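K.L.:
This structure is in C-alpha cells; I'll ask about it shortly.
The values are calculated or read from the model by the stated rules, or taken from the named source; none is laboratory data. This structure is a prediction, so every number in the text was calculated from the model and none was measured. Cβ atoms come from the backbone with ideal geometry, glycine included; neighbour counts cover every protein chain shown. Areas reflect the complete protein model, heavy atoms only, side chains present, ligands, DNA and RNA absent. Shrake-Rupley method; radii C 1.70, N 1.55, O 1.52, S 1.80 Å.
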Amino acid sequence: YAPLSARTFDLVLGFPWTNRFEYRVTLPEGQEAADLPKAVDVQTSFGGVKLAYSVEGRVLTARGENHLDVPRVKAAEYPAFRAFLGQLDQALGRRVRVVPAK
C-alpha cells in the first residue's frame, strides 16, 4: 500500500475493509510453544491490528483482526500511514517457536 518513501499527491486506496482470522494448529506430540508473542492492539486513524495467541492442550491458536478505515491518505499524512503499516507488518510477522516439551 505504501511503497514510496514520500508522496506529492494523495494515495487512493479504494474502500475500507476488515480482515478477521483464526488459525488453529495442533502441535506435534512431545512439542510445545515457547514464549508466545504478547498480544497486540494498535488502533490509529488509518486502521488497526489486534492479534493474540493462546495454547489449550496441544492446540495453538492465533486470533486477529486487521482493518483499514480510510479510502484515501493525504500526502501530508503519508509518513504516518507508512509507520502504521510498519506496525501492522511487525505484528503479523512475529513467529511462534516450537520446542521439545519439558
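K.L.:
Taking into account only those residues within the stretch 72-91 that are without any contact (Cβ under 8 Å) to a residue 60 or more places away in the chain and open to solvent by less than 20 Å² (accessible area, probe 1.4 Å), which is farthest from Ser5 (Cα to Cα)?
P.N.:
Among those that are without any contact (Cβ under 8 Å) to a residue 60 or more places away in the chain and open to solvent by less than 20 Å² (accessible area, probe 1.4 Å), it is Ala91.
K.L.:
Could I ask something else about it? Of the residues that make up the stretch 51-71, is at least one assigned to a strand (DSSP E or B), open to solvent by 90 Å² or more (accessible area, probe 1.4 Å) and closer than 25 Å to Ala2 by Cα?
P.N.:
Scanning the stretch 51-71, I find no residue that is assigned to a strand (DSSP E or B), open to solvent by 90 Å² or more (accessible area, probe 1.4 Å) and closer than 25 Å to Ala2 by Cα, so the answer is no.
K.L.:
Sticking with this structure for a sec: Looking only at the stretch 1-40, which residues are open to solvent by less than 80 Å² (accessible area, probe 1.4 Å), part of a strand (DSSP E or B) and more than 23 Å from Arg95 (Cα to Cα)?
P.N.:
Leu11, Trp17
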